[in-house]
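The values are calculated or read from the model by the stated rules, or taken from the named source; none is laboratory data. Note that this is a predicted model, so its numbers are computed, not measured. No Cβ is skipped: glycine too gets one built from the backbone with ideal geometry, and neighbour counts run over all protein chains shown.
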Amino acid sequence: MPTARIHRALSEIPAAAWDALHDGRNPFVTHAFLHGLEVTGCLRGDWGWTPCHVGLWDTDALIAAAPGYLKSSSHGEFVFDHAWAQAYAQHGLAYFPKWLGAVPYSPVTGPRLLARDATAKHALLDAIAGFVRESGLSSAHVNFHDDADDAAFGDDWLHREDIQYHWRNPDADAMPGWATFDDFLAAMDHKHRKNIRQERRKVRDAGIAFRIVHGDEASEDDLAAMHGFYLQTFAEYGNSPALTLGFIRHLARTLPRQLVLVLAERDGRAIAGALCLRGGDTLYGRYWGAMELHPGLHFETCYYQGIDYCLREGLTRFEPGAQGRHKIARGFLPTIVRSRHFIADPRFARAIGDWCVEECGAVRRHARELQSHSPFRDDASP
């Protein structure tokens, strides 16, 4: 009979055992990425993140696991449940701490229930629900899981949806894929094609050139510059930056070909950058920042350089981060993302479940409305 164990640090689980439970195509669930967050100062209890990973063991063999955290706030989750916390408070109940299965600070779709087979995956979910009940927690949540995980959840895990904006190269079985950026633009209507060309021209005319480096190609100056850009963005918005320079160095060392830096340079000096990670068929844009402001620089650094990279490297998807309706005009179309929620108190589960059903309907309607603003011609839409 498999046994569930709670692990307060990922170092308690051997990297080989953890990574044997996924196919390696999503860098965010690798032992290297998640362990790196813990050992380089990116997770702090006062920011609401306390590691609480769930492992399912058959004697000495790890057969399933979920990256998990006890949360004392909803900081850095990108799935918003503030109204739920307020409802608990109004009834004199504590919503926090709660358990969250997710990748910290990363609204990126991917596997969350790592398991050797479907039976182990179902047992893992039972173990998570059991841990919530035994610990007196209000709830458990799994954010941004993929299709394979979604099939494992029962009706007791409430379903939520949201919208992100993703680029994808058309399926070659349905229509020819794009080989170049010009092919991509040719699929758009005249107005949007012209706007993108103008945005790119403004950046070139400003004397800005781009250099893309992987982790094993990045110098210490490159890594430090990217971290500086990241800090600049957080300073502009008055937020506390979580990722340390040590973490970026860790990624360059442990995920050398998955870390991708887009560096904008003018007069031989880096002035802006975007930090991305590369998966099996997807580029994930995570952070950007700039020390100089130029028309079109954000779009070129965060979107167009990434699309160029995908086309060169044969990647079929590009997820540039959460939110941003302005991405539609640049070829990133509305895409549904999901989360699941186990509410221990049946009274709240019923009320929240009804709310989730209504929310999903509204999200779907909004996605259809957003899709009507696609920049692609009807005969060329991906």
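Structure values in brief
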item	result
Condition met for I128 (under 30 Å from D19 (Cα atoms) and either at pLDDT below 95 or in contact with a Pro (Cβ under 6 Å, 6 or more places away or on another chain) (or both))	no
Identity of the residue in the stretch 71-88, out of contact with any helix residue (DSSP H, G or I) (no Cβ under 9 Å at 6 or more places or on another chain) and among the hydrophobic types (A, V, I, L, M, F, W, C), that ends up surrounded by the fewest Cβ atoms within 10 Å (Cβ to Cβ)	F80
First in the stretch 319-338 and in contact (Cβ under 8 Å) with a residue 40 or more places away in the chain, second anywhere and basic (K, R), Cβ under 8 Å, 6 or more apart	P320/K327; G321/R286; L333/R168; I336/R364; R338/R160
Residues of the stretch 284-326 satisfying the condition of being more than 26 Å from D205 (Cα to Cα) and buried (at least 17 other Cβ atoms within 10 Å of the Cβ)	Y284, R286, L315, T316, R317, F318, E319, G321
Selected residue (only one of H141, H91 is in the same structural domain as I13 (by TED's automatic domain parsing), crowded, with 23+ Cβ neighbours inside 10 Å and within 21 Å of D354 (Cα to Cα))	H141
Checklist (1) closer than 30 Å to R204 by Cβ; (2) of a type in the set (K, R); (3) modelled with pLDDT of 95 or more applied to R368, failing item	(1)
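Residues are listed down the side, and each one gets a yes or a no for (1) in a strand (DSSP E or B); (2) of a type outside the set (D, E, K, R); (3) modelled with pLDDT under 95; (4) closer than 17 Å to G285 by Cα:
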site: V213; (1), (2), (3), (4): yes, yes, no, yes
site: E217; (1), (2), (3), (4): no, no, no, no
site: L223; (1), (2), (3), (4): no, yes, no, yes
site: Y230; (1), (2), (3), (4): no, yes, no, yes
site: S240; (1), (2), (3), (4): no, yes, yes, no
site: G246; (1), (2), (3), (4): no, yes, no, no
site: A252; (1), (2), (3), (4): no, yes, no, yes
site: L261; (1), (2), (3), (4): yes, yes, no, yes
site: A264; (1), (2), (3), (4): yes, yes, no, yes
